[in-house]
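Structure first, then comments.
The values are calculated or read from the model by the stated rules, or taken from the named source; none is laboratory data. Quick caveat, the model's predicted, so the values are computed rather than measured. Cβ placement follows ideal geometry from the backbone for every residue including glycine, while neighbour counts extend to all protein chains displayed.
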Amino acid sequence: MQPTLEILTHPALAPVRHGFFTRKGGASSGLFSGLNCGRGSSDQQDAVAVNRSRVADAMGVAAGRLATVHQVHSDVVVTLDGDLDVAALAETRADALVTARPGIAIAVLSADCQPVLFADPEAGVIGAAHAGWKGTLGGILDATVAAMRALGATRIRAVVGPSISQRAYEVGEDFMDRFLVEDPESSRFFSGGPNGRPMFDLPALGVARLRDLGVEAEWSGHCTYSDPERFFSYRRSTHLHEADYGRLISAISL
């Protein structure tokens, strides 16, 4: 019997079909045990393909209609408005997708960075963005919202999915200074940590950026670092000196 997937949803995105998938219910083993959907990982690619097929099935689309891009921490958004070439799209360097076309599940991968799902149900426009600290500072959320509005979205809702939380995200003073130089008010996203170093609140930054853009935004409240049974985490794998890590997937479709 195929293991049951665990799919987190949020009422803010209803009634649009969406899911922040945990690592449960996948075909991968070892370090990647569960639903690893990262083609860029060293996991067996057959297992990754099975996992992505299960996600597509859960989203109600064929495997060839699950669209992802080659994420590079950029501010580049792909608008899907023509024929869908999933293979070509997978090689496209970008960090967000938007569409008004039904029957396509757009998705992003993450393992501590913010997976952000967007929807304007009335206008029939959706988006998905991968937003780490670099992408958020660089404008990926701004660009995603702009691309959705170009498709006719007017009242956009967004949910930041499972991400590393402030209590698990210790950074250096130089890291904090990058934010303060751009905006001194960014100090509200940092607090003192147990080791005397700053602790960074990435989800709070994402939600604040989205709300500044006029988007109704919330964080799901799930910390990837602190829950190894449910989530992959790049930082946790680094602290454990593991050779690699799995990637979570978050998807939305009309």
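Condition (residue is assigned to a strand (DSSP E or B), closer than 18 Å to ALA204 by Cα and out of contact with any Gly (no Cβ under 9 Å at 6 or more places or on another chain)) applied to the stretch 168-175: is it met by at least one residue? Even if it seems obvious, please write down each step before you answer.
The initial filter retains those residues of the stretch 168-175 that are assigned to a strand (DSSP E or B), namely 170.
Right, trim to closer than 18 Å to ALA204 by Cα and you get 170.
Add one more test, that the residue is out of contact with any Gly (no Cβ under 9 Å at 6 or more places or on another chain), and what stays is none.
Scanning the stretch 168-175, I find no residue that is assigned to a strand (DSSP E or B), closer than 18 Å to ALA204 by Cα and out of contact with any Gly (no Cβ under 9 Å at 6 or more places or on another chain), so the answer is no.
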| Does ALA47 fit the bill of being at pLDDT 95 or above, in contact with a helix residue (DSSP H, G or I) (Cβ under 8 Å, 6 or more places away or on another chain) and part of a helix (DSSP H, G or I)? | yes
In the stretch 50-76, anything within 17 Å of LEU248 (Cβ to Cβ) and in a loop (DSSP other than H, G, I, E, B) is listed as MET59, THR68, VAL69, GLN71, HIS73
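Table: residues versus (1) at pLDDT below 95; (2) aliphatic (A, V, I, L, M).
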residue: VAL116; (1), (2): no, yes
residue: ASP120; (1), (2): no, no
residue: VAL125; (1), (2): no, yes
residue: ALA129; (1), (2): no, yes
residue: THR136; (1), (2): no, no
residue: ALA147; (1), (2): no, yes
residue: PRO162; (1), (2): no, no
residue: GLN166; (1), (2): no, no
residue: PRO184; (1), (2): yes, no
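Quick one: count up the residues across the stretch 34-58 that are among the small types (Gly, Ala, Ser) and touching a residue at least 60 places away in the same chain (Cβ under 8 Å).
Keep residues of the stretch 34-58 that are among the small types (Gly, Ala, Ser), which gives 34, 38, 40-42, 47, 49, 53, 56, 58.
Then keep just the ones that are touching a residue at least 60 places away in the same chain (Cβ under 8 Å); that gives 34, 38, 40-42.
Number satisfying all stated conditions: 5.
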Q: Could you check, for the stretch 52-62, whether at least one of its residues is within 30 Å of GLN166 (Cβ to Cβ) and either crowded, with 24+ Cβ neighbours inside 10 Å or at pLDDT below 95 (or both)?
A: yes
Subset of the stretch 105-141, residues surrounded by fewer than 24 Cβ atoms within 10 Å (Cβ to Cβ), acidic (Asp, Glu) and not in a strand (DSSP E or B), comes to GLU122
| query | Is it true that ASP75 is charged (D, E, K, R), touching a helix residue (DSSP H, G or I) at 6+ places or on another chain (Cβ under 6 Å) and touching a residue at least 24 places away in the same chain (Cβ under 8 Å)? | reply | yes
Scanning the stretch 3-38 for residues that are acidic (Asp, Glu) and modelled with pLDDT under 95 gives none
Selection over the stretch 202-216 where residues are assigned to a helix (DSSP H, G or I) and in contact (Cβ under 8 Å) with a residue 24 or more places away in the chain yields a count of 8
